[in-house]
Amino acid sequence: MGRVLMIGAGGVATVAAFKIAQNADVFTEFMIASRRKEKCDEIVKAIGNPNIKTAQVDADDVEQLKALFNDYKPELVVNLALPYQDLTIMDACLECGCNYLDTANYEPKDEAHFEYSWQWAYKDKFEKAGLTAILGCGFDPGVSGIYTAYAAKHHFDEIHYLDIVDCNAGNHHKAFATNFNPEINIREITQKGLYYKDGEWIETEPLEIHKPLTYPNIGPRESYLMHHEELESLVKNYPTIKQARFWMTFGQQYLTYLDVIQNIGMSRIDEMEYEAPLADGSGKTAKVKIVPLQFLKAVLPNPQDLGENYDGETSIGCRIRGIKDGKELTYYIYNNCRHQDAYKETGMQGVSYTTGVPAMIGAMMFFKGLWRKPGVWNVEEFDPDPFMEQLNKQGLPWNEVFGEDLEL
């Protein structure tokens, strides 16, 4: 049905690759590209399908991207690289006539700040080129927006209160590790919180607001209010929303380590000079520029290697309050994903699985012609029903609870 090029070779990309390979009736030709081609080759070997092509590309370099796109001629580019690289990949897609999908919105490399404005600015360009760009098609953002769209379509006349709740109750048996790219993860958690209320955005100190919430099959977990990008698009696309918030759980040990990392300067994202010995054993030194957070990433456990010993499960969903037929309704829709189930299928842990599977489904929606219209779109702007159907088929089944206390 279609030729797809995926950029990225991390944990999420590995899961997406497995799922693309499982759906060969939709994805008839498939290439994986990354800065290190050998990582792409490792994914292909793990899948066991020699027909999957691989390539080397620097996603920071528009000219390299254009050369690859013009050579392979993909109909859709699935961007599972770093958020810093969204705009260069979008630029190359426009130049080469390729459609686009990603899982996380753009953020500048030198500033811990993410919002959709940079990518929304491409709307007219993609529209005039007759190309589709699908933004934020992971779990959160991604499935969280699909859940909201599904609720609005089937259960509510007006949504008034939206709380996205994300719990990882797994244990990777490491003193400290992040579940996806440490650089991106720590930047996200250490920035100020942000939520929407009565038409205004309210800023909080990092992890300042928190409370215990009860998660299905898990129990109560302390949950922290954070800024998350899907709130920005959801309040725009559902203007009846009075309040929208995002909550994520963290264990005390994780927060203690994170506090130390910040206090000793290892979460810094600015460059500093460091005099280091040369690797040739000569005893000579050279001044090099390093970013402390990037160096920390190099010494922390690789999120791709956590799956084997990871137990427990994730629980991610939307708790919604609004009006249906003049009466107030509460609604909770969620998915629970066991880390060991994810590992047995793809070799990756549950956090990678819950992001990689929706990326594949979004690409499937495009190739089936269900999510295809010129412009730049967030996932909730498409029909949620066929996506929801595929979630149940592809390993992320969802559950609904009506009329219960949402705790929020």
Could you tell me whether region 151-173 includes any residue that is touching a residue at least 24 places away in the same chain (Cβ under 8 Å), open to solvent by less than 30 Å² (accessible area, probe 1.4 Å), under 23 Å from G307 (Cα atoms) and small (G, A, S)?
yes
I need every pair where a residue in region 241-256 that is basic (K, R) has its Cβ under 6 Å from the Cβ of a residue that is open to solvent by 30 Å² or more (accessible area, probe 1.4 Å) and not in a loop (DSSP other than H, G, I, E, B), sequence separation at least 6 or different chains.
R245/Y195
Taking L293 as meeting all but one of (1) over 30 Å from K45 (Cβ atoms); (2) open to solvent by 30 Å² or more (accessible area, probe 1.4 Å), write down the number of the exception.
(2)
Just to be sure before I move on: is N179 assigned to a helix (DSSP H, G or I) and among the polar types (S, T, N, Q) in the structure I sent?
no
Just checking, does region 348-367 include any residue being over 20 Å from the mean Cα position of the chain (by Cα) and free of Cβ contacts under 8 Å to residues at least 60 places away in the same chain?
no
Report, ordered by the first and then the second residue, all pairs with beta carbons closer than 8 Å, sequence separation of six or more or different chains, a first member in region 223-236 that is more than 13 Å from G136 (Cβ to Cβ), and a second member that is open to solvent by 10 Å² or more (accessible area, probe 1.4 Å) and aromatic (F, W, Y).
Y224/F250; L225/Y195; H227/Y195; V235/Y196
Output yes when any residue across region 318-332 is assigned to a strand (DSSP E or B), hydrophobic (A, V, I, L, M, F, W, C) and open to solvent by less than 20 Å² (accessible area, probe 1.4 Å), and no when none is.
yes
Within region 233-253, track down each residue that is in a helix (DSSP H, G or I) and open to solvent by 40 Å² or more (accessible area, probe 1.4 Å).
K236, N237, Q252, Q253
State all residues of region 386-406 that are open to solvent by 10 Å² or more (accessible area, probe 1.4 Å), under 14 Å from I333 (Cα atoms) and touching a residue at least 24 places away in the same chain (Cβ under 8 Å); if no residue qualifies, say none.
P397, W398, N399, E400, V401, F402, G403, E404, D405, L406
Is it true that F114 is in a helix (DSSP H, G or I) and among the aromatic types (F, W, Y)?
no
In the list K327, K368, which residue meets the criterion of being at pLDDT 95 or above, assigned by TED's automatic domain parsing to the domain that holds L225 and farther than 23 Å from I189 by Cβ?
K327
Report every pair of residues separated by at least 6 positions or lying on different chains whose Cβ atoms are under 6 Å apart, first residue within region 62-79 and without any contact (Cβ under 8 Å) to a residue 12 or more places away in the chain and over 19 Å from A16 (Cβ atoms), second among the hydrophobic types (A, V, I, L, M, F, W, C) and open to solvent by less than 40 Å² (accessible area, probe 1.4 Å).
Q64/V57
Any residue in region 315-331 that is in contact with a Ser or Thr (Cβ under 7 Å, 6 or more places away or on another chain), among the hydroxyl-bearing types (S, T, Y) and touching a residue at least 24 places away in the same chain (Cβ under 8 Å)?
no
Filter region 1-38 for residues that are in a strand (DSSP E or B) and of a type outside the set (A, V, I, L, M, F, W, C); the one that is least open to solvent (accessible area, probe 1.4 Å) is G2
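The values are calculated or read from the model by the stated rules, or taken from the named source; none is laboratory data. Here the structure is a predicted model, which means the values were calculated and not measured. We place every Cβ from the backbone using ideal geometry, glycine too, and count neighbours over all the protein chains shown. Areas reflect the complete protein model, heavy atoms only, side chains present, ligands, DNA and RNA absent. Shrake-Rupley method; radii C 1.70, N 1.55, O 1.52, S 1.80 Å.
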